[in-house]
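Structure first, then comments.
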Amino acid sequence: MKQNVLIAGGGIGGLAAALVLGRQGHTVKVLEQASEFGEIGAGIQLGPNIFKMLEFLGLTDAIDAVAYYPPALGMRDIITDEAVIQVPLGNAARAAYGYPYGVIYRANLHDVLLHACGALPNVELRTSTKVEFYTQTENRVSVTLHNDEIVEGTLLIGADGMWSKIRESIVADGLLKGDAKFYVSTAHTSDDVDEALDICDQALAAVAAA
Ligand SMILES: Cc1cc2nc3c(=O)[nH]c(=O)nc-3n(C[C@H](O)[C@H](O)[C@H](O)COP(=O)(O)OP(=O)(O)OC[C@H]3O[C@@H](n4cnc5c(N)ncnc54)[C@H](O)[C@@H]3O)c2cc1C
């Protein structure tokens, strides 16, 4: 059954969802609060699993035109500048995973998705539409926008980011407080490095054999 899909948020997640559902023939409305579609931030890594999805979406060529495929990924000791580890990428990544490892400017990835969505007549892209809350009945869902306009659909996807109002309305476990931490682990001795490399080799061999 074809759905009338509402997507709150037109970031990378919302547009990717719109593209998948739009290509399947569903009617999609993307409701973005900003006055224009865009993406802030710098670069983003594209792991091989993402390229499988990009291929599924017919975006391989468009991404190839703007992505960079580094030949290797290296880490250095911050104090001595000694090369600690180097992971071959390029053809090695393609051979191991069937897809490349790339890096891309965030705005370029967003732009590729935006253009692909714009080419689908059943995907409507609306800006300046901030979703305030939703209500649902047995088979309908409606969202109320900042200007009290009500938009109706049969399915609502919350792609409204880290501080998602949609998610909070559903699970009500408290908005994120912004105290997430990034952990960096380091290898301290050459034995550690050898062990880490062994683990990488075993993982690569396991993936290649799968
Ligand atoms: C420092 C950093 C580095 C990262 N590096 C990588 C990486 O290398 N590789 C990788 O795969 N991922 C990476 N990530 C994660 C990745 O960036 C995010 O998972 C992804 O951008 C989330 O996209 P999104 O569309 O879900 O949310 P967002 O990009 O936050 O987009 C949400 C959109 O919803 C809109 N919105 C919000 N509220 C409303 C509302 N009420 N009504 C309407 N619209 C609304 C916003 O304006 C925005 O456009 C990184 C994240 C960070 C912070």
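Read-outs throughout are calculated quantities, based only on the coordinates presented, and are distinct from any laboratory measurement. All figures in this text were calculated on a predicted structure; none of them were measured in a lab.
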Q: Any chance you could list the semi-axes, whole Å, largest first, of the equivalent ellipsoid that the Cα gyration tensor gives for the range 44-149, using √(5λ)?
A: 39, 19, 14
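Please report the antiparallel percentage of the DSSP beta bridges confined to the range 33-138, to the nearest 5. Could the numbers behind the result be given before it?
Values: 10 of 10 bridges.
So the antiparallel bridges in the range 33-138 amount to around 100 percent.
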Q: Provide the per-residue ³J(HN,Hα) series for the range 157-166, in order, calculated from phi with Karplus coefficients 6.51, -1.76, 1.60 and θ = phi - 60°, each as a whole number of Hz, with x at glycine and proline positions.
A: 10, x, 10, 9, x, 4, 9, 4, 6, 5
**Q.** Euclidean distance of C-alpha centroids, the range 22-79 and the range 94-145, integer Å
**A.** 11
